[in-house]
Structure formats: C-alpha cells, structure tokens
1. Looking only at region 20-35, count every residue that is within 11 Å of residue 91 (Cα to Cα) and out of contact with any helix residue (DSSP H, G or I) (no Cβ under 9 Å at 6 or more places or on another chain) and tell me the total.
2. Residue 23 passes all but one of (1) out of contact with any strand residue (DSSP E or B) (no Cβ under 9 Å at 6 or more places or on another chain); (2) in contact (Cβ under 8 Å) with a residue 60 or more places away in the chain; which number fails?
3. Give the residues of region 16-37 that are within 13 Å of residue 79 (Cα to Cα) and of a type outside the set (Phe, Trp, Tyr), sorted by residue number.
4. Mind checking whether some residue in region 46-53 is over 24 Å from residue 91 (Cβ atoms), under 12 Å from the mean Cα position of the chain (by Cα), among the small types (Gly, Ala, Ser) and at pLDDT 85 or above?
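The values are calculated or read from the model by the stated rules, or taken from the named source; none is laboratory data. In this text the structure is predicted, and so the values were computed from the model without any measurement. A quick note on method: Cβ atoms are made from the backbone with ideal geometry, for glycine too, and the neighbour counts reach across all protein chains shown.
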Amino acid sequence: MANIKFEYLYRDEGNYKTYGEVIFSNPNQLSVEYITQRIESNLIEGSWFEPNKWNIPRFSFHQHNPFGINDLLWYEFDCLSQCHETSNSNSIDDFLERIISTAE
C-alpha cells in the first residue's frame, strides 16, 4: 500500500529555502490528484499554510519564533506524491479533515 509524501518549504527574506516532508498513511488509497485538490483549496493565497494549524512540524529555527511577532511564519506547499516510505504521521484522511476544519 502506497503512502503519501507531503513536501513543503520555508523561504526566508533572501529567498533561501528549507525543505521538509511528512509521510502520511493512505488507508483508503485516495488519489494524489484528489488530495492535492483538497490541499490547494485550503491554502492561503493559493500557496501557503500555517504549520501549527495543520499540525505540520515547524523547522527547528522556528520553534521559538526568533523573528518576532510580525513574522507570520507561513510555509509553502511544494508537492504531493505516492511513496513506499514508512508513515511518520496520521493518515491522510485525518490530515484532510484537520485542514478543512481549520478553514471553517
């Protein structure tokens, strides 16, 4: 059974990028196209998300918000793919439910 790899990144003001990923189980074998559509329809301005609301791990340099209160620390959705790596998070169904409920 294929899992789902969610890849994301953070761009600093110099356009330097830090990449991350989360591997979700996919017990109902949802298609990448369906999942991508659900994610994209819940992004901020079509590209960004707040990692805390989506329960996506922040990068270590953001753990204590050293950039101050005005830095929103939005992360950018990069891509989604099927993989056979071991899941390190909840199911993709739980993730989609979470992002849809935080948008309401």
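1. 2
2. In the conditions (1) out of contact with any strand residue (DSSP E or B) (no Cβ under 9 Å at 6 or more places or on another chain); (2) in contact (Cβ under 8 Å) with a residue 60 or more places away in the chain, residue 23 misses (1) alone.
3. 20, 21, 22, 23, 32, 33, 35, 36, 37 - these are the residues of region 16-37 that are within 13 Å of residue 79 (Cα to Cα) and of a type outside the set (Phe, Trp, Tyr).
4. So the first thing to find is which residues in region 46-53 are over 24 Å from residue 91 (Cβ atoms), and the list is 46-47.
Narrowing further to those that are under 12 Å from the mean Cα position of the chain (by Cα): 47.
Imposing the further condition that a residue be among the small types (Gly, Ala, Ser) reduces the set to 47.
From what's left, at pLDDT 85 or above: 47.
Looking for residues that are over 24 Å from residue 91 (Cβ atoms), under 12 Å from the mean Cα position of the chain (by Cα), among the small types (Gly, Ala, Ser) and at pLDDT 85 or above, one finds at least one in region 46-53, hence yes.
Residue by residue, here is whether (1) exposed (fewer than 13 other Cβ atoms within 10 Å of the Cβ); (2) in a strand (DSSP E or B); (3) among the charged types (D, E, K, R); (4) at pLDDT below 90 holds:
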{"residue": "22", "(1), (2), (3), (4)": "no, yes, no, no"}
{"residue": "33", "(1), (2), (3), (4)": "yes, no, yes, no"}
{"residue": "64", "(1), (2), (3), (4)": "yes, no, no, yes"}
{"residue": "68", "(1), (2), (3), (4)": "yes, no, no, yes"}
{"residue": "76", "(1), (2), (3), (4)": "no, yes, yes, no"}
{"residue": "85", "(1), (2), (3), (4)": "yes, no, yes, no"}
{"residue": "89", "(1), (2), (3), (4)": "no, no, no, yes"}
{"residue": "98", "(1), (2), (3), (4)": "no, no, yes, no"}
